[in-house]
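Enquirer: So that we are looking at the same thing, I have put the structure below in structure tokens.
The values are calculated or read from the model by the stated rules, or taken from the named source; none is laboratory data. Every value quoted in this text rests on a predicted model; they were computed, and no experiment measured them. We place every Cβ from the backbone using ideal geometry, glycine too, and count neighbours over all the protein chains shown. What goes into the accessible areas is simple: the full protein's heavy atoms, side chains included, and nothing from ligands, DNA or RNA. Shrake-Rupley method; radii C 1.70, N 1.55, O 1.52, S 1.80 Å.
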Amino acid sequence: MKEFKRTLVTAALPYANGPVHIGHLAGVYVPADIYVRYLRLRGQDVLFVCGSDEHGVPITIKARQQGCTPQDIVDRYHNIIDGSFKALGINFDIYGRTSSKVHEKNASDFFKKLYDEGKFVTKESEQYYDPEAKTFLADRYIVGTCPKCGAEGAYGDQCEKCGCTLSPEELINPKSKLSGAEPIKKKTTHWYLPLQDYEQWLREWILEGHKEWRPNVYGQVKSWLDGGLQPRAVTRDLDWGVPVPVEGADGKVLYVWFDAPIGYISNTIELLPDSWEQWWKSQDTKLVHFIGKDNIVFHCIVFPAMLKAYGDGFVLPENVPSNEFLNLEGDKISTSRNWAVWAHEYVQDFPGEEDALRYVLTANAPETKDNDFSWKDFQARNNSELVAIFGNFVNRAFVLTHKYFGGQVPAAGELTDADREALAEIPALRASLEKNIEGYHFREALKDAMSIARVGNKYISDAEPWKVAKTDMERTATILNVCLQICADLAIAFEPFTPFACGRLKEMLGLSLVWDDLGRCDLVPAGHQLGAAQLLFAKIEDEAIQKQLDRLDAIRAEREAAAKAEAAKQVAPQKEEITFDDFQKMDIRTATVLAAERVPKTDKLLKLSIDTGIDKRTIVSGIAEYYAPEDMVGKQICILANLAPRVIRGIESKGMILMARQGDGKMRFITPQEALSNGAEIG
């Protein structure tokens with residue numbers, strides 16, 4: 001395996017049209033931070049780069065909706081996102097932005113070099129155009145009915161309800177999101193990167209050279225390559241973004257997928273203007289991209305093809321750890337539906353509990369398949385694992401040392417088999433922990449770290465120093481010395497996962513620790529004075545969890561009410577045309593309900609006795625879910641009197657009540673505006 005002098009870690013640029021949520025954190029940012037913290041603990045040279053992705057159509061849409069400029073939108077959300085990362089201990093060396101002058105120049109220069117060298121092809125195509133707003137429409141500016149699931153409001157690139165990828169041409173009844181007008185096709189010219197020119201090189205580099213990549217990454221890349229790559233547009237008709245730096249490109253900007261990954265390089269240049277090339281152009285640099293699965297193609301096919309086309313020795317990623325999606329309480333996280341746990345709101349609602357979120361998102365990380373976050377599971381993991389195992393062990397070790405030895409580390413006497421067995425487990429767990437982190441298996445690595453806490457918790461429970469102290473202080477000293485050595489191990493092993501608690505633990509220990517110290521039996525010297533005991537984790541109470549569940553219930557209820565209201569507006573298509581003579585055959589009359597009762601052993605049927613003015617008869621009607629029997633008595637209704645009789649549940653039904661049905665299924669009977677004589681003809 002190749003040895004590297006330095007590691008460059010990038011985390012996918014979050015889109016600055018909204019805050020980050022737990023799906024983003026679990027998919028990209030927490031695992032990236034764990035990896036970087038581990039490398040730094042090992043004393044390795046590492047650079048951690050990220051920043052806001054601030055161009056593209058969704059930002060311009062939000063600006064139009066809110067009556068402000070796109071710059072206002074990205075400024076607001078850049079600050080919210082940056083603050084959320086800092087609050088959760090995700091510490092980038094630089095968190096830049098693609099609206100910066102440094103990036104505009106770098107992205108422009110990148111495009112211009114490829115343009116000047118003839119690496120692009122130009123293509124004229126027909127694209128959707130809004131005749132009222134007088135502008136070309138990007139896919140997200142076009143909405144309509146999804147051809148796959150029938151959902152309204154599907155975008156020209158994706159239906160958020162069923163998740164299918166779409167094209168504007170597939171939408172039913174497409175409309176412009178800007179004006180509501182029906183878009184037309186209009187010719188426009190754009191530059192394209194001919195990805196097919198790099199297909200064979202990509203096959204050799206990835207399919208033959210990186211079989212160790214995660215199956216979801218390798219499989220998606222292979223699928224794209226097997227399907228044959230096509231030219232991909234690198235410019236867009238839009239007024240927000242990096243202007244295309246060539247003549248004749250007025251009103252065109254760099255397409256956001258081309259613009260955004262260059263942001264990694266731009267942010268590095270902004271941080272290290274004189275030495276950035278050693279991170280991007282030295283073959284001694286290991287490049288690792290942390291991304292979500294929706295960015296696999298861009299980071300494994302498109303961006304590498306861009307760098308290959310550019311030349312000049314840019315390094316390519318050694319690995320691209322990509323997680324699947326995280327759901328929330330069994331439902332897909334959706335920013336448009338506000339179905340999410342927002343990072344900035346979490347740190348406000350759970351102050352001091354940043355580690356709890358990092359821990360649970362790692363323990364439940366969607367590394368190989370989509371996974372689910374639930375508030376009850378969050379509470380249980382915090383209380384039964386962080387508090388009851390890790391925190392409980394450390395607290396007992398410190399409290400007892402202060403109680404029996406004034407907080408001074410006691411010297412260990414002769415070790416028993418139990419002492420040696422407990423200490424011997426740590427090096428093996430360290431080896432597994434290292435293997436899992438370096439293999440990007442962070443969920444398993446966290447289990448290794450918690451296993452160290454379990455070793456300590458079991459050891460102190462079995463040794464019972466609070467009982468031994470009554471008769472044998474020398475043995476008590478040995479037990480607590482062993483416990484404190486394990487506490488120091490925990491401060492190291494857990495630092496990538498729970499940095500805030502480990503910072504407090506190191507302060508309590510009064511020691512500066514590095515990774516290579518993990519597993520040593522003499523980390524905490526005898527006679528060393530410990531700091532005061534602090535609780536590393538706090539129990540999360542039911543009330544705090546119920547508040548979050550109530551918020552989600554309110555969002556779900558609001559969403560369901562909106563869906564019902566929208567469904568109620570849907571009108572069934574007109575039925576087949578009939579003649580006036582057909583209509584004349586129907587005998588529609590007024591009638592009054594004399595008595596009503598439920599049909600036994602049914603949920604929907606009512607038996608109605610009615611006066612038609614012609615006769616008194618019985619009608620069986622499926623309206624029990626809308627009307628109670630007592631609600632019907634005395635009501636004047638309209639019936640189809642000459643419908644052929646039917647026997648329903650042993651009851652002869654003569655006629656049919658006229659009902660109106662909304663798109664949401666709600667039904668109401670038709671009644672005259674004024675009381676009429678029974679038997680009055682309607683027609």
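Enquirer: Taking the Cα centre of each part, how many Å lie between segment 246-286 and segment 1-61?
Expert: For segment 246-286 versus segment 1-61, the Cα centre distance is 16 Å.
Enquirer: Out of every Cα-Cα pair in the chain, what percent are more than 42 Å apart?
Expert: Working: 106811 of 232903 pairs.
Considering the chain, 46 percent of its Cα-Cα pairs are separated by more than 42 Å.
Enquirer: Relative to a virtual label point 7 Å from the Cα of Leu640 in the Cα→beta-carbon direction, which members of segment 656-683 show backbone nitrogen distances below 15 Å?
Expert: 656-661, 670, 682-683
Enquirer: Moving on to the next point. Roughly what % antiparallel, to the nearest 5, for the DSSP beta bridges in the chain? Spell out each step's value before the answer.
Expert: On the way: 55 of 78 bridges.
Bridges in the chain that DSSP calls antiparallel: roughly 70 percent.
Enquirer: Also: Modelled label-to-label distance, Lys112 and Asp72, 7 Å Cα→beta-carbon offset: nm?
Expert: Modelled inter-label distance: 3.3 nm.
Enquirer: Compute for segment 409-544: radius of gyration divided by Kirkwood radius, i.e. Rg/Rh, restricted to C-alpha atoms, rounded to two decimals. Show your work: numbers first, answer last.
Expert: On the way: Rg = 15.4 Å, Rh = 15.7 Å.
Result for segment 409-544 is an Rg/Rh of 0.98.
Enquirer: If you don't mind, another one. Within the chain, which complete DSSP H helices have Cα atoms spanning at least 27 Å along the helix axis and a mean Kyte-Doolittle hydropathy of -0.5 or higher?
Expert: Values: long enough: 417-438 (32 Å, -0.47); 442-463 (32 Å, -0.24); 473-493 (30 Å, 1.11); 542-569 (40 Å, -0.85).
Once both thresholds are applied, what remains is 417-438, 442-463, 473-493.
Enquirer: Sort the following peptides by mean Cβ neighbour count (other Cβ atoms within 10 Å, averaged over residues), highest first: 359-369, 237-247.
Expert: Numbers: 359-369: 20.5, 237-247: 17.9.
With the highest mean Cβ count within 10 Å placed first, the list reads 359-369, 237-247.
Enquirer: Could you tell me the distance between the Cα centroids of segment 103-148 and segment 592-653, to the nearest Å?
Expert: 62
Enquirer: Taking 0.36 nm per residue of sequence separation and subtracting the Cα-Cα distance, how much length would be gained by fully extending the chain between Lys467 and Glu3, in nm to one decimal? Please list the in-between numbers first.
Expert: On the way: separation 464, 0.36 × 464 = 167.04 nm, distance 5.20 nm.
So the extension gain works out to 161.8 nm.
Enquirer: What full-extension length gain, to one decimal in nm, is calculated for Trp201 and Glu124 as 0.36 nm per residue of separation minus the Cα-Cα distance? Don't jump to the answer; show the numbers that get you there.
Expert: Values: separation 77, 0.36 × 77 = 27.72 nm, distance 2.77 nm.
Working it through step by step, the gained length comes to 25.0 nm.
Enquirer: Based on the Cβ-Cβ distance of Lys547 and Glu474, what FRET efficiency does E = 1/(1 + (r/R0)^6) give at R0 = 51 Å, to the nearest 0.05?
Expert: Working from the Cβ atoms, E equals 0.50.
Enquirer: How far apart, in nanometres, would the label points at Gln408 and Ala532 be if each is projected 7 angstrom from Cα along the Cα-to-Cβ direction?
Expert: With each label placed 7 Å out from Cα toward Cβ, I get 2.1 nm.
Enquirer: Sorted by average packing, counted as other Cβ atoms within 10 angstrom per residue and highest first, what order do 412-418, 20-26, 458-464 take?
Expert: Numbers: 412-418: 13.0, 20-26: 24.6, 458-464: 15.9.
Most protected by this proxy first, the peptides run 20-26, 458-464, 412-418.
Enquirer: Taking the Cβ-Cβ separation of Lys585 and Glu560 as r and a Förster radius of 45 Å, what is the calculated FRET efficiency to the nearest 0.05? Write down the numbers at each step before the final one.
Expert: Values: r = 42 Å, r/R0 = 0.93.
With a Förster radius of 45 Å, E is 0.60.
Enquirer: With every protein chain left in place, what is the accessible area per residue of the chain in square angstrom, probe 1.4 Å? Could you put the intermediate results ahead of the total?
Expert: Details: 31180 Å² over 683 residues.
Value returned for the chain: 46 Å² of accessible area per residue.
Enquirer: Of the peptides 85-97, 259-271, 308-320, how do they stack up when ordered by the mean number of other Cβ atoms within 10 Å, highest first?
Expert: Details: 85-97: 19.5, 259-271: 24.2, 308-320: 16.2.
For the peptides 85-97, 259-271, 308-320, the packing ranking is 259-271, 85-97, 308-320.
Enquirer: Ignoring solvent entirely, what values of log10 I(q)/I(0) come out of the Debye formula for segment 291-366 at 0.13 Å⁻¹ when each Cα is a single scatterer?
Expert: The calculated log intensity ratios at q = 0.13 Å⁻¹ are -0.61.
Enquirer: What's the whole-number percent of alpha carbon pairs in segment 204-287 lying beyond 21 angstrom?
Expert: Details: 1986 of 3486 pairs.
More than 21 Å apart: 57 percent of the Cα pairs in segment 204-287.
Enquirer: How long are the semi-axes of the ellipsoid equivalent to segment 599-675, from square roots of 5 times the Cα gyration tensor eigenvalues, in whole Å, largest first? Don't skip to the answer; put the middle values down first.
Expert: Values: eigenvalues 64, 60, 30 Å².
Equivalent-ellipsoid dimensions as semi-axes: 18, 17, 12 Å.
Enquirer: Using 1/(1 + (r/R0)^6) with R0 = 45 angstrom and r between the beta carbons of Lys211 and Ser384, what's the FRET efficiency to the nearest 0.05? Write out the running numbers ahead of the final one.
Expert: On the way: r = 39 Å, r/R0 = 0.87.
Efficiency at R0 = 45 Å is approximately 0.70.
Enquirer: Once you place label points 7 Å from the Cα toward the Cβ at Asn79 and Asp611, how far apart are they in nm?
Expert: The answer from the label model is 7.4 nm.
Enquirer: If each Cα of segment 119-227 is one equal point scatterer, what is log10 of I(q)/I(0) from the Debye formula at q = 0.12 Å⁻¹?
Expert: -0.61
Enquirer: Counting each pair of different Cα atoms once, what's the Kirkwood radius of segment 539-582 in Å, rounded to one decimal? It would help to have the intermediate numbers written out before the result.
Expert: Values: mean 1/r = 0.0693 Å⁻¹.
When all Cα pairs of segment 539-582 are included, the Kirkwood radius is 14.4 Å.
Enquirer: Please give the contour-minus-distance gain from Asn173 to Gln230: 0.36 nm per residue of separation, less the Cα-Cα distance, rounded to one decimal in nm.
Expert: Values: separation 57, 0.36 × 57 = 20.52 nm, distance 2.80 nm.
Answer, rounded to one decimal: 17.7 nm.
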